[in-house]
Structures are given as structure tokens and as C-alpha cells.
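S.K.: Supplied in C-alpha cells, the structure appears directly below.
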Protein chains: 2
Amino acid sequence: MNLTVTGAHLPSGEPVALRAVDGTIAAIGADVTAELGDEHLDGTDRVLLPGLVNGHTHAAMTLFRGFAGDRALMDWLEHYIWPAEARLDADDVYWGTRLACLEMIRTGTIAFWDMYWEPAAVARAVTDAGLRAHVGLPLIDGLDPSRGKALRDDALRSLDELADTGPRVLPCLAPHGIYTVSTDSLAWVAEQSATRDVPVHLHYLEIEDEVTGCLDRSGLRPGPYLAGLGLLTPRVVLAHGVWMEDAELGAVAAGGATVVTDPVSNLKLAVGRVFPYGAVRAAGIPVGLGTDGASSNNGLDLFQDVKVLSLLQKHAANDPRVLPADEAWAIATGAHAPFLGGVPELVSGAPADFVLVRSDAPELGPGHLTANLVYAAAGHVVDATVVAGRVLMRDGRVDDEAEVRTKAAERAARLGVL
Amino acid sequence: MNLTVTGAHLPSGEPVALRAVDGTIAAIGADVTAELGDEHLDGTDRVLLPGLVNGHTHAAMTLFRGFAGDRALMDWLEHYIWPAEARLDADDVYWGTRLACLEMIRTGTIAFWDMYWEPAAVARAVTDAGLRAHVGLPLIDGLDPSRGKALRDDALRSLDELADTGPRVLPCLAPHGIYTVSTDSLAWVAEQSATRDVPVHLHYLEIEDEVTGCLDRSGLRPGPYLAGLGLLTPRVVLAHGVWMEDAELGAVAAGGATVVTDPVSNLKLAVGRVFPYGAVRAAGIPVGLGTDGASSNNGLDLFQDVKVLSLLQKHAANDPRVLPADEAWAIATGAHAPFLGGVPELVSGAPADFVLVRSDAPELGPGHLTANLVYAAAGHVVDATVVAGRVLMRDGRVDDEAEVRTKAAERAARLGVL
């Protein structure tokens with residue numbers, strides 16, 4: 001079904017309407033009108049804006065939200081999260097991912113990059129929820145090349161399972177990180193990514209040990225190390241990048257990879273440093289924003305994270321002029337990282353992915369909309385979320401919301417994490 | 001009118017009802033029932049919680065939200081904010097404060113400490129909105145004792161104007177800071193506070209220059225300096241405290257003053273340091289949480305600020321175990337700073353100030369409510385806000401909301417800040 005939005009306005013205050021045909025923006029402007037049989041969305045007192053892109057998460061970890069929090073990273077992972085994850089089945093992952101999608105829809109996210117177990121279940125959840133996602137199975141061989149065959153088998157099986165999920169759900173290869181995947185396996189991932197034209201999504205320099213470990217094992221810093229493996233191509237998305245230094249900045253910029261910063265997760269897990277945004281931007285590296293998994297954030301509302309992104313950079317630079325609102329908002333929409341697949345410009349021919357924001361929310365007034373979106377709003381200002389021309393939320397309500405909440409709670413209870 | 005809340009639950013999941021008589025909790029428990037003629041609030045799927053306390057703000061600065069943001073502090077103040085403030089009249093302040101109260105009610109704040117021009121207009125706005133506040137006129141003599149008489153006249157006039165605003169709105173003396181008020185005037189404020197039993201609310205060590213300036217002028221660090229003036233009594237609320245060191249910790253602890261941390265404002269204005277929470281807590285100093293004015297935050301939603309409070313301390317301490325969720329939530333409710341006037345414990349005989357939170361909000365599930373309130377929620381999870389037994393928000397809706405938004409926008413337009 002086609003969709004017409006009428007009576008909305010642009011951030012400038014100008015009136016705007018929009019018509020979507022077959023999931024694509026067919027017309028946008030002041031004088032667009034509905035055609036008979038179109039689905040209709042009333043944009044009165046609503047501002048039409050691009051949706052947000054979550055460049056790094058583990059969606060189903062909503063099941064573990066608040067479970068064993070406020071603990072040291074390895075204690076939390078080894079004694080709580082990993083044992084619980086060992087009990088996960090596909091239905092757990094499905095409902096955890098649905099809960100994540102529900103939150104993302106409610107807070108204006110249209111697309112995300114996921115790395116998690118049971119990727120076919122993730123894909124099914126994303127498809128049912130209506131969002132876009134890149135989905136990948138975490139690949140780990142514990143730096144042991146003898147486990148490389150198992151890693152490769154798992155990876156290929158996941159790609160097979162995800163072969164027919166498009167166009168909204170796309171597979172990626174998700175080697176967990178350079179401290180958990182052997183050089184041989186990383187080289188194989190690079191080769192598969194090139195041959196199959198499949199994106200790669202991996203953790204990169206979240207903690208300092210990744211740098212020292214890489215130096216110890218390879219004699220190289222992580223920048224040249226990944227460059228040598230062919231894993232810094234424009235098809236690669238690097239999550240975190242906190243410990244990047246000159247060697248990484250040069251290598252990543254030369255290779256064309258995208259870096260996704262996760263400021264809230266980095267603070268919550270106290271990774272020890274602030275993402276070097278100024279240097280990354282100066283190097284010309286594409287930058288996106290991610291929440292990380294809900295259990296290290298603990299939400300998926302990018303409106304809150306974009307605020308922290310900007311505040312933390314001002315603090316780290318000791319300069320309140322750093323990362324101003326327009327720039328922060330652009331990053332959250334994916335405008336500075338095209339490979340992430342956002343739709344930062346709503347023009348004819350673009351995918352019909354957008355949100356309507358309640359411009360009459362008190363915290364969005366009296367003026368200066370973009371500054372208020374970044375610094376004053378939370379995600380509940382979003383009133384409607386549309387992806388591929390399909391209305392996923394209308395008047396702040398999402399279909400199936402109660403069922404998703406109930407089922408996710410049942411799965412968390414089953415896993416013993418409540 | 002009396003009020004009965006039925007069908008709600010406690011954070012533990014136990015059912016609870018509550019009856020308020022003449023603004024006080026008359027009964028609370030599983031078996032409380034309504035009496036004929038009571039106003040009724042349905043608590044189904046709602047958790048009954050204390051409201052939050054905003055220990056430091058300049059409420060009417062909502063008018064300047066987003067105006068000339070992302071600038072260096074003194075550039076922003078001298079070239080934008082102060083010239084705009086020079087044009088303020090009482091009606092501007094009234095509607096700016098009403099907008100602030102609207103946001104606070106919507107996000108579960110029941111009481112705040114304000115420092116702003118036209119305090120009688122602030123008081124009228126708070127009275128009309130239904131919140132509680134301590135209200136004070138900023139007192140400034142530019143360190144020039146010859147302007148002390150004008151300061152004292154202004155201060156006494158403001159106390160007169162605020163004499164009959166109680167019991168929800170209480171006056172305080174609000175010397176702007178130790179770098180803008182002379183020693184003579186601060187001594188006079190201390191004396192008036194003691195004689196009249198009136199609280200004092202002042203900025204304290206937000207920026208490093210306050211320390212060096214105090215040393216230059218008095219030969220003392222700010223701790224001993226204020227102690228010597230009698231301005232660290234239990235009636236004193238110190239906003240910021242970022243640059244407190246041992247001399248301040250000892251003096252403030254000995255005097256019994258309360259410190260309010262404003263983590264979001266401190267990051268946004270890049271004050272150069274993180275509030276030394278661990279040391280302040282170890283010294284036994286009462287700690288509260290504040291937003292600061294909306295134009296340096298830029299919101300008044302304490303749910304967002306309590307998250308940043310905890311995250312920033314974890315980061316600064318390089319330890320994710322620091323300031324866990326329970327402790328952060330307690331601070332936001334005023335439980336660690338009784339002088340701020342919150343109601344962190346809902347018991348019979350306490351003021352009937354509380355909120356109902358939508359426990360069916362997806363981000364509050366599947367379990368671990370307190371962690372989710374701190375790390376996952378924003379203020380829109382609040383469904384009802386009650387102060388002194390009066391329902392200020394019901395089903396997420398506040399009376400007069402549209403009028404407040406419209407009037408505030410008119411006043412901001414008049415001031416030329418849109």
C-alpha cells in the first residue's frame with residue numbers, strides 16, 4: 001500500500017507533505033496530495049525528519065537489561081552474561097530482538113547493525129518488526145587457528161540462513177574482535193567479504209588490551225594489522241575505536257572503513273578513555289553512532305546517546321564549541337557514514353524511511369529545533385516511525401507492543417535473569 | 001479534595017494503594033480503600049515511586065533553550081544570555097518558569113531550587129503549576145562593597161515579596177557566587193540566613209577561576225573562606241562543587257552544607273573537571289542532583305541527568321562499579337540530601353508527593369526496575385505526578401499545557417531569542 005503524509009512541517013517551519021510508493025519517496029513538497037486508496041498519516045504539529053541509525057548493537061540483549069549491572073566488565077561477562085547466553089535459544093533471541101525493535105521504533109531508529117547469536121531469529125524479528133538491519137553471527141575462535149574450520153562453517157551457515165532475508169535485512173560477517181579471532185580467520189573473513197561483497201562488523205579497540213595484545217602477537221599496532229589483512233575496506237564497520245591512535249587513524253582513513261562510536265556504553269563499562277572524535281573527523285573517517293547492547297547502556301534510545309556523544313566530546317576537548325548540535329544530529333542520522341544505510345536526506349527517490357516528531361513537545365520549544373532534538377529531547381518525542389513506506393508506529397503506538405513485552409519477559413524468566 | 005490511588009504496585013511488585021488527606025499521606029498499603037468523594041487515580045500497570053528533586057536550576061531559562069548554544073561560556077553569557085536577560089520582564093519569567101514546571105511535572109520532578117530574576121513571578125508560576133520550590137533572587141555586587149547596600153535592599157525586598165508564598169514555595173537568599181559577591185555582602189547573607197532561618201543557595205566552584213580568584217583576594221581556599229563567613233551551615237545549598245578539594249571537603253562536611261552536582265551542565269559547558277563524587281561521599285557531605293538552567297543542559301528531565309551522573313562517575317573513576325543504580329536513584333529523589341526537601345520515602349504522615357510510572361514501558365522491562373529507571377528510561381515513563389495531594393499530571397497530560405507552550409514561545413519571540 002502507498003502512503004501519504006499531509007500537514008507536516010520541515011525543521012525550517014515550512015509546510016511539507018510526502019507520498020511514498022512501493023517503499024520509496026515518490027514526491028515530497030508543500031503541494032503533494034494523497035491519491036485514492038493511500039494509507040494516510042496526519043502530520044499536523046509534527047515535524048518530518050530522517051530517522052536515526054544505530055550503528056552497533058546486540059539487540060536481543062534487552063533480555064539481560066539491568067541483570068548483574070554495575071560490575072567490572074570481565075566479572076559481568078564471565079560470571080553473568082556468558083553463562084546466561086549459553087542458555088539462549090532461537091526463540092529467546094527472537095523475542096529479545098523484538099523488544100529491541102519495539103524500543104527502536106518508539107524512539108525513531110529506522111536501521112541498525114546487529115551482532116548476535118541465532119542470526120536467523122534476529123532476521124525474522126527484524127522482518128516482523130519492520131525495521132532495517134545488518135545481521136551477523138559473532139565469529140570467535142579464541143585465537144586458535146585449529147578452531148578456524150568451525151568458525152568458517154558457522155559463518156557460511158549463517159550467510160546461507162540469511163541469504164533470502166533482504167532487502168530490509170542484510171547479512172554481514174561479524175568477527176567478534178581482533179583479540180578473540182585468529183589472524184587466519186580474520187584473513188578468511190576479509191577474503192569472503194571481498195568475494196561475496198558482504199559487509200564486516202567487528203569490535204575494534206574498545207579496551208586497551210586489544211592494542212597491547214595485537215602488538216604482542218603480531219608486532220603491529222591494530223591499524224596496520226587490520227590493513228594488512230584487508231579488513232579496513234569501505235565494507236567494514238568498526239565498533240568503538242576508543243583506543244585508536246595515529247597508526248589507526250591513518251590506516252582506517254586510507255582503507256575507507258566506517259567507525260561507530262558508542263559513548264554511553266563506553267562510559268558505563270568505564271573503558272578508560274573517550275573516543276578521539278576530533279582526530280577521527282580530521283582524518284576524514286566516516287563516523288556513526290551506536291548504543292551497543294541494551295545491557296551495557298541500558299537503553300536503545302539514540303536521542304539520549306546523541307546528547308551524551310556531544311557532551312562527552314565537549315568535556316574531553318575542554319571546549320563547549322566541540323561537536324555542535326547540527327553535527328551531532330547529522331551523525332545520529334547516518335549522514336557522516338553513508339555505508340551504515342541511513343536516509344539522512346528525504347528526497348524523491350530515497351527510501352521512504354522517516355519519522356514524525358511532536359514539535360509541540362514542551363522540551364522542543366520555544367525555538368532552535370535541532371539543538372533541542374540533541375540536547376533536550378528523549379526518544380518519546382517521536383510520534384510516528386515509517387520504514388520502507390510502512391507505518392511502524394502511529395500516534396506513539398506500535399502494534400503487538402503488549403505481546404512483545406510479555407513474551408520477552410517470559411524468555412528472560414526462562415533464562416533466569418530476572 | 002482528598003485523593004486515593006488504587007491498583008498500583010511497589011518496585012518489589014507488591015500491590016499498593018495510597019490515600020492522601022489535606023496534602024499528606026494518610027494511609028499507604030495493600031488494603032487502603034477510597035472514601036466517598038475522594039479524587040481517584042488508577043494505578044493499574046503503574047509503579048508508585050517518590051518524585052525527583054532538582055537541586056539547582058534557573059527555571060525561566062527555558063526561554064533561552066538552544067539560543068546561541070555550543071559557545072564558550074563567557075562568550076555565550078556576555079554576548080547572548082546577559083543582553084537577553086536585560087530585556088526580561090516579570091511576565092517573561094512567569095511563562096518561562098511555567099514551561100519549566102510543565103517539563104518537570106511531565107518528567108516526575110516534584111520540587112526544585114531556583115535562582116533567577118523576578119522571583120515573585122517565579123513563585124507565582126510555581127504556585128500555579130503546583131510544584132514545590134525554593135526561590136531566590138540572584139544577588140550580585142560585582143565584588144564591590146559600595147554596591148552592597150543595593151544588594152541588601154534587593155535581597156530584603158525579594159524576601160518581602162516571597163513572604164506569603166508558602167508552604168509550597170519558600171524563599172531563599174541566592175548570592176550568585178564567591179566570584180561575583182563581595183565578602184561583606186556574603187557575610188551579611190550569612191547573618192540574615194541565621195537570623196531569619198532562611199536557606200542560602202549559591203554557585204560554588206563550577207569553574208577553576210573561582211578557586212584562584214578566592215585565593216588571590218582572601219588568601220584562603222574557598223572552603224575555609226566560606227566557613228569563616230558562616231556560609232557552610234546546614235541551611236546552605238552549594239551548586240556544582242566541581243573544583244572542591246580537601247580544604248573544601250573538610251569545611252563543607254564540618255559545616256553541614258549540601259552540595260548539588262549538575263553533571264550534564266558541567267559537561268555541556270566543559271567546566272574542565274568531573275565532580276569529585278567519591279571524595280564528597282566519603283566526607284559524608286549530603287549530595288543532590290540538579291539540571292542547572294535549561295539553556296545549559298538543555299532539558300529539565302532528571303531521568304536523563306541521573307544516568308549521566310552515574311556514567312560520568314564510572315568513567316572518571318575508571319570503574320563501572322562506582323555509583324550503582326540504587327545509589328544514583330536515591331540521590332535523584334533527594335534521599336542523600338534531606339535539606340533539599342524531597343520525599344524519598346512514601347510513608348504515612350509524609351507529604352503526598354509522588355509519581356506513578358508506566359511499568360509497562362518497554363524500556364523498563366523485562367526486570368530490574370531501579371537499574372532501568374536510571375540507565376534505560378527517560379522522563380516520559382512518568383504517567384502521573386502528584387504534589388501535596390494534587391494531581392498535576394494524569395495519563396501523561398497536564399492541564400494548560402498548550403497555553404504554557406504558546407505563551408512561552410510568545411515571550412521568547414518578544415525577547416528576540418528565537
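S.K.: Of all residues in the range B:54-87, which are under 18 Å from the mean Cα position of the chain (by Cα), open to solvent by 10 Å² or more (accessible area, probe 1.4 Å) and within 12 Å of chain A (Cβ to nearest Cβ)?
M.R.: B:Met61
S.K.: Take the conditions within 16 Å of B:Trp117 (Cα to Cα) and part of a loop (DSSP other than H, G, I, E, B) and apply them to B:Asp160. Does it pass?
M.R.: no
S.K.: Check A:Tyr225 against each of (1) within 30 Å of B:Gln313 (Cβ to Cβ); (2) assigned to a helix (DSSP H, G or I) and name the one condition it does not meet.
M.R.: (1)
Residue-wise test of (1) aromatic (Phe, Trp, Tyr); (2) farther than 25 Å from A:Phe112 by Cβ; (3) in contact with a Ser or Thr (Cβ under 6 Å, 6 or more places away or on another chain); (4) open to solvent by 10 Å² or more (accessible area, probe 1.4 Å).
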site: A:Asp216; (1), (2), (3), (4): no, yes, no, yes
site: A:Arg221; (1), (2), (3), (4): no, yes, no, yes
site: A:Arg235; (1), (2), (3), (4): no, no, yes, yes
site: A:Asp246; (1), (2), (3), (4): no, yes, no, yes
site: A:Gly250; (1), (2), (3), (4): no, yes, no, yes
site: A:Val260; (1), (2), (3), (4): no, no, no, no
site: A:Pro263; (1), (2), (3), (4): no, no, no, no
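S.K.: With respect to A:Trp117, is the statement that it is more than 14 Å from every other protein chain (Cβ to nearest Cβ), at pLDDT below 95 and surrounded by fewer than 24 Cβ atoms within 10 Å (Cβ to Cβ) true?
M.R.: Judged against the criteria, A:Trp117 is not a match.
S.K.: Under 20 Å from A:Ala371 (Cα atoms) and open to solvent by less than 10 Å² (accessible area, probe 1.4 Å): which single residue out of A:Leu340, A:Leu309, A:Leu300 fits that description?
M.R.: A:Leu309
S.K.: Condition check: modelled with pLDDT under 95, of a type outside the set (A, V, I, L, M, F, W, C) and in a loop (DSSP other than H, G, I, E, B). Does A:Gly342 satisfy that?
M.R.: Spelling it out, it is not the case that A:Gly342 is modelled with pLDDT under 95, of a type outside the set (A, V, I, L, M, F, W, C) and in a loop (DSSP other than H, G, I, E, B).
S.K.: Does A:Val381 satisfy the condition of being under 29 Å from A:Arg19 (Cβ atoms), within 23 Å of the chain's Cα centre (by Cα) and more than 9 Å from chain B (Cβ to nearest Cβ)?
M.R.: Criteria not met by A:Val381.
S.K.: Taking the condition closer than 30 Å to A:Asp45 by Cα, surrounded by fewer than 24 Cβ atoms within 10 Å (Cβ to Cβ) and at pLDDT 95 or above, does A:Ala317 pass?
M.R.: No: the conditions fail for A:Ala317.
S.K.: Which one of the conditions (1) more than 7 Å from chain B (Cβ to nearest Cβ); (2) surrounded by 18 or more Cβ atoms within 10 Å (Cβ to Cβ); (3) in a loop (DSSP other than H, G, I, E, B) does A:Asp399 fail to meet, given that it meets all the rest?
M.R.: Condition (2) is where A:Asp399 drops out.
S.K.: May I ask you to list the residues in the range B:402-416 that are under 21 Å from the mean Cα position of the chain (by Cα) and more than 7 Å from every other protein chain (Cβ to nearest Cβ)?
M.R.: B:Val404
S.K.: Can I ask one more? What are the residues in the range A:145-169 that are closer than 14 Å to A:Val135 by Cβ and either crowded, with 20+ Cβ neighbours inside 10 Å or in contact with a helix residue (DSSP H, G or I) (Cβ under 7 Å, 6 or more places away or on another chain) (or both), if any?
M.R.: Result: A:Ala155, A:Ser158, A:Glu161, A:Leu162, A:Thr165, A:Arg168, A:Val169.
S.K.: Out of the residues in the range B:1-28 meeting the condition of being assigned to a loop (DSSP other than H, G, I, E, B) and not aliphatic (A, V, I, L, M), tell me which one is least open to solvent (accessible area, probe 1.4 Å).
M.R.: If we take residues in the range B:1-28 being assigned to a loop (DSSP other than H, G, I, E, B) and not aliphatic (A, V, I, L, M), then B:Gly23 is least open to solvent (accessible area, probe 1.4 Å).
S.K.: Check A:Leu373, A:Leu364, A:Leu356 and return the single one that is touching a residue at least 12 places away in the same chain (Cβ under 8 Å), surrounded by 24 or more Cβ atoms within 10 Å (Cβ to Cβ) and within 14 Å of chain B (Cβ to nearest Cβ).
M.R.: Just one listed residue meets the conditions, A:Leu373.
S.K.: Out of the residues in the range B:292-351 that are of a type in the set (Asp, Glu) and more than 10 Å from chain A (Cβ to nearest Cβ), which is nearest to B:Pro50 (Cα to Cα)?
M.R.: By that ranking, first place goes to B:Glu345.
S.K.: Restricting the range A:278-294 to residues that are in a helix (DSSP H, G or I) and open to solvent by less than 10 Å² (accessible area, probe 1.4 Å), which is nearest to A:Asp75 (Cα to Cα)?
M.R.: For the range A:278-294, the residue satisfying everything is A:Ala294.
The values are calculated or read from the model by the stated rules, or taken from the named source; none is laboratory data. Everything quoted here is computed from the prediction, not taken from an experiment. Note that each Cβ is placed from the backbone with ideal geometry, even for glycine, and that neighbours are counted across all protein chains shown. Just the protein is used for accessible areas: all its heavy atoms, side chains included, with ligands, DNA and RNA removed. Shrake-Rupley method; radii C 1.70, N 1.55, O 1.52, S 1.80 Å.
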